[in-house]
Amino acid sequence: MNVESFSHKLLEAGKRFGYADMELYYERVKTFGCQIFQSEIDKYESSEVSGVSFRGVFEGKMGYAFTEKIAEDSIPFLLENAKENAQIIEDEEAEDIFSGSERYREQTYYSSELQQVSIQDQVRLLLDIERLILAYDARVTGTNRCMLESSEKERTILNSKGLDLKDLQNSLTLYISVIVKSEGQTKTGTYIKITKDFHSLHPEDIARQAAEEALRQLGSRSIRSRAYPVLLRNDMAAALIQTFSPVFSAENTQRGHSLLRDKVGASIGASALNIVDDPNLPDGVCSRNFDGEGFATQRLQIVENGTLLSLLHNRKTAKKDNTESTGHAHKSSYKGSVTVAPSNLYVEPADKSYEELVSSMDEGVIITHLAGLHSGANTISGNFSLAARGYYVEKGQIQFPVNQMTIAGNFYDVLHSIQDVGSDLEFSHPTAASGCIGSPSLLIKELSVTVE
Amino acid sequence: MLEKSIVEEVLGLALSSGGDFSEIFAEDRRTNNITLESGRVEKSLSGRDFGVGVRVFKGFTSTYTYTTDSSREGLLKAARNAAEAMSGSPSVRPQPFAAEPISPLHAIRWYPTQVAKSDKVGVMKQAYEIAKNYHAAIQQVMVYYFDEEQNVFIANSEGKWIEDQRVRSRLMIHSTATDGHKVESGSYGPGAHKGFEFMKHLDLRHYAGEASRIAVTMLGAAPCPSGKFPVVIDNEFGGVIFHEACGHGLEATSVAKHNSVFSDRIGEKVAPDLVTYIDDGTLQNEWGSITIDDEGEKTRRNVLIEQGILKGYLIDRFNSRRMGMAPTGSSRRQSYRFAPTSRMTNTFIAPGESTPEEILGSTEYGIYAKYMGGGQVNTTTGDYNFAVKEGYLIENGKIGAPIKGATLIGNGPKTLQLVDMIGNNLAHGAGMCGSLSGSIPVNVGQPMLRVSEMTVGGTKGDE
């Protein structure tokens, strides 16, 4: 059964069942993935999946259900489960089906060039990268991962109020992890790139960066555990902000899970801090013309010179706060309900390069890797204590890599103690829940550092 | 779930370009997720996952395709795509199917799909009331309810034809406490391979109470000191440390390519005599239990480390080729969207002889980690980290003031060597484990134990 006739039948049956307004959210995702190990294809994966999320207003309340089986027998399953779900909902704010925004952008975020890259070319890229990595240095002993995944996603929102929106996205993610060994030490270095431009991927550069990332950690030493000025390299600054990005969601301020409650208009960070969410970045992996409930998207200044100007809203949170939706309704997929999440949220870059930031440091630690972000960070209190890797800096020069360490502090304090913002904006790998988060390197006044 | 003639056709087509093994995995899963916030049901979501995965091996190459299109055309397309990465002429023919009846190890009494959602909400509200009324400082309580019925079908070119059903239920209580300035949280998430009978017999007073007790205790906690200390880790979810520090490094995923710190070390002494480490998917109705794995192999009790000697690994069918060792019933996946690989089920440190009083009493100064949060490991270097949810100082053999913000870091093989006392109070805790084949339910477990030295990263700075 194709999705058009399924939708039609479902909406018809839903009306007879007693639903007032109804909506279908349909997604189709195609992926290709490949991993190379010792010049052979080690893993090869492709997929095509689709699913439908149904929501409808039953006796004044919204009920949700989804299915991956687009077939006749799923229709009663969806209608009955969504009804039972609506009946147990006790939320005071009634959700409704959206009739649509006045106008939508017609920007495209789909690269047909990327779509045309052959599987052979993708495999060849990995083979080249692995070969160059293994030949780069005698201390390189192999790769843990030399893989890529390309994906294409189509979204459709269709409802009984006449809304009918569709869009298409694609991207390619490269993931490399290199193993190096020397004098009894084993280190790994990771390189991740997510792009729509296949031709921007140069094997020599990637191999060098991935191998160097691992090699630069060899010869690690301990330093005294205490508070140090910390330079969060762009990718790690983005990772930290990604972990704490839920604090900008009005859903979380309203439920008391973010300390930014009642802070709109107040200073929440250093004057050097500017944060934007731009859903219409031409190359943005999370770019979109409409959000998860069909609301038209637009650029939003979240923080300006340290002052919080706006939170992220969907239609429901906006109603609660007496404001307008900012177009940040989010569905992680057809399996999720409507929440709030960024699209492309980033710290706006300033003037200094990464090298200039390093040379401006009298003494401190550069963080190039963070682990345990899912467990060592409390997004409610803002406290974090995270496993980290990086370098020790003295008199503007990197001296040596540091043994595994932890950095500890509080996210809200970090925002206030940003001393300098770099020019090197980089986006982190998005997760289904977080959206795409970017940052340049950030120089932090101090964080507590404990070294093994 | 699928017709025999189509399965035959798919397995055959998958081998058409020289593959030597093909497999089909189909899944039909019903799930319910309910969220209670401030005593009211905020979200309730039900769904049906349905998809099929086709896998082909040729020597050390493995390909996987998956689709939600279970029509004959959809499945044949998936088989063609899986075969496409290989080149050659057919060398192996699928064997006739020999259907294997299975005797489920984990009986289900009350199927979640047969229970009214309002009854599930009833349990959530009881938990809410207990957690909310625990203390005046409790600001907010969220309760999450999850259940699933997963039906799987597995067939392969060696004649396997097997079906299984997994039913799981879990309740998560998350409490937030405030003193007007600080906000702290506590949570507890018991789960089992059971139906609604699990919820009916759950000691809500204990679990919901504990979530709030942790939040309130942490309000009064001082920042954790940093440095190297003896650490006493309590039983149950405390086992997450060896799940990270050791369990992941014993999975064929990293062992097969000689990339793990534990590769090629069978028979070596990797831990003190008192350490025995076991993975057992047969434990009755436990959260991480299964009857057969996702390749159709029966699960079993795998002794990984016995009295300090490395005895075995967790091995899936594909990696067993590289390793030349038999699969161990450990191949798992989140869903049809993942090719299966070697994973843990219920993994635990076997009980020792010390009483908790002896362990704490013989520790002059150190950290007592009562409840652990999640963690992570790099299996190549062995470096791990994990968070302490509820911790205390130990002073003169006694539990002292609560501390917060502690992260423990270290190196798996080294930490294993430093275990110097193991208690007699083994218990298991439920968690979700994320790795190559997705996020799967696992139990971690241990008795109370002591590690003579660990690096503790806190916010207070150097001691």
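Side notes on the structure shown:
- Set side by side, the residues A:S99, A:S151 differ, and just one is touching a Leu at 6+ places or on another chain (Cβ under 7 Å) and in contact (Cβ under 8 Å) with a residue 40 or more places away in the chain, which is A:S99.
- Boolean, B:E390 is farther than 29 Å from B:I108 by Cβ and assigned by TED's automatic domain parsing to the domain that holds B:H248: yes
- Residue among B:G59, B:G47, B:G122 that is at the interface with another protein chain (Cβ under 9 Å from one of its Cβ atoms) and modelled with pLDDT of 95 or more: B:G47
- Positions within segment A:396-412 being within 14 Å of chain B (Cβ to nearest Cβ) and touching a strand residue (DSSP E or B) at 6+ places or on another chain (Cβ under 9 Å), in sequence order: A:P401, A:V402, A:N403, A:Q404, A:M405, A:T406, A:I407, A:A408, A:G409, A:N410, A:F411
- Between B:Y64, B:Y111, the distinction of being within 8 Å of chain A (Cβ to nearest Cβ) and surrounded by 14 or more Cβ atoms within 10 Å (Cβ to Cβ) belongs to B:Y64 only.
- Some residue of segment B:433-449 being within 14 Å of another protein chain (Cβ to nearest Cβ), more than 18 Å from the chain's Cα centre (by Cα) and open to solvent by 10 Å² or more (accessible area, probe 1.4 Å): no
- Residue pairs whose Cβ atoms lie under 7 Å apart, separated by 6 or more positions or on different chains, with the first residue in segment A:66-91 and more than 8 Å from chain B (Cβ to nearest Cβ) and the second surrounded by 21 or more Cβ atoms within 10 Å (Cβ to Cβ) and part of a helix (DSSP H, G or I), are A:I75/A:L10; A:L78/A:L10; A:L79/A:G14.
- Hits in segment A:174-196 - residues which are within 30 Å of A:G51 (Cβ to Cβ) and modelled with pLDDT of 95 or more: A:L174, A:Y175
- Criterion: modelled with pLDDT of 95 or more, within 30 Å of B:G209 (Cβ to Cβ) and surrounded by 16 or more Cβ atoms within 10 Å (Cβ to Cβ) - qualifying residue of B:K117, B:K77: B:K117
- Subset of segment B:355-388 that is part of a loop (DSSP other than H, G, I, E, B) and either modelled with pLDDT of 95 or more or under 26 Å from B:A215 (Cα atoms) (or both) - its residue that is farthest from the other protein chains (Cβ to nearest Cβ): B:T355
- Of everything in segment B:153-210 that is within 30 Å of B:L11 (Cβ to Cβ) and among the aliphatic types (A, V, I, L, M), the residue that is farthest from the other protein chains (Cβ to nearest Cβ) is B:I162.
- Residue match in segment A:206-217 (condition: in contact with a helix residue (DSSP H, G or I) (Cβ under 8 Å, 6 or more places away or on another chain), open to solvent by 30 Å² or more (accessible area, probe 1.4 Å) and either within 14 Å of chain B (Cβ to nearest Cβ) or at pLDDT 95 or above (or both)): yes
- Residue check, B:F229 in contact (Cβ under 8 Å) with a residue 24 or more places away in the chain and in a strand (DSSP E or B): yes
- Wholly enclosed strands (runs of 3 or more DSSP E) of segment B:99-210 bearing at least 3 residues basic (K, R) and under 16 Å from B:P441 (Cβ atoms): B:160-178
- Residue in segment A:309-319 that is within 14 Å of another protein chain (Cβ to nearest Cβ) and either crowded, with 24+ Cβ neighbours inside 10 Å or part of a strand (DSSP E or B) (or both) present: yes
- Yes/no for A:L240 being crowded, with 22+ Cβ neighbours inside 10 Å and within 14 Å of the chain's Cα centre (by Cα): yes
- Residues of segment B:140-199 classified as buried (at least 24 other Cβ atoms within 10 Å of the Cβ) and of a type in the set (K, R), total: 2
- Figure legend. Inter-residue proximity from segment A:3-26: first residues open to solvent by 50 Å² or more (accessible area, probe 1.4 Å), second residues not charged (D, E, K, R), beta-carbon distance below 7 Å, spacing 6+ or different chains. Indicated pairs: A:K9/A:I75; A:F17/A:L79; A:A20/A:V57.
- Of A:S160, A:S151, all but one fail to be within 14 Å of another protein chain (Cβ to nearest Cβ) and closer than 30 Å to A:E23 by Cα; the exception is A:S151.
- Scanning segment B:88-96 for residues that are of a type in the set (V, I, T), over 25 Å from the mean Cα position of the chain (by Cα) and open to solvent by 10 Å² or more (accessible area, probe 1.4 Å) turns up at least one hit.
- Filtered residue count, segment B:371-417, keeping only those that are open to solvent by 20 Å² or more (accessible area, probe 1.4 Å) and touching a Pro at 6+ places or on another chain (Cβ under 9 Å): 5
- Cβ-Cβ distances below 6 Å connect no pair with a first residue in segment A:37-50 that is more than 26 Å from B:T68 (Cβ to Cβ), a second residue that is open to solvent by 40 Å² or more (accessible area, probe 1.4 Å) and polar (S, T, N, Q), and a separation of six or more residues or different chains.
- Contacts under 6 angstrom Cβ, first residue in segment A:253-268 being away from chain B (no Cβ under 13 Å), partner modelled with pLDDT of 95 or more and part of a loop (DSSP other than H, G, I, E, B), 6 or more apart: A:S267/A:G306
- The single condition from (1) closer than 30 Å to A:D278 by Cα; (2) touching a helix residue (DSSP H, G or I) at 6+ places or on another chain (Cβ under 9 Å); (3) modelled with pLDDT of 95 or more; (4) within 14 Å of chain B (Cβ to nearest Cβ) that A:I437 fails is (4).
- B:F146 at pLDDT 95 or above, under 30 Å from B:S5 (Cβ atoms) and of a type in the set (F, W, Y): no
The values are calculated or read from the model by the stated rules, or taken from the named source; none is laboratory data. For clarity, every value in this text was computed on a predicted model and none was experimentally measured. Please note: Cβ atoms are built from the backbone with ideal geometry, for glycine as well, and neighbour counts cover all protein chains shown. We work out accessible area using only protein heavy atoms, side chains counted, and drop any ligands, DNA or RNA first. Shrake-Rupley method; radii C 1.70, N 1.55, O 1.52, S 1.80 Å.
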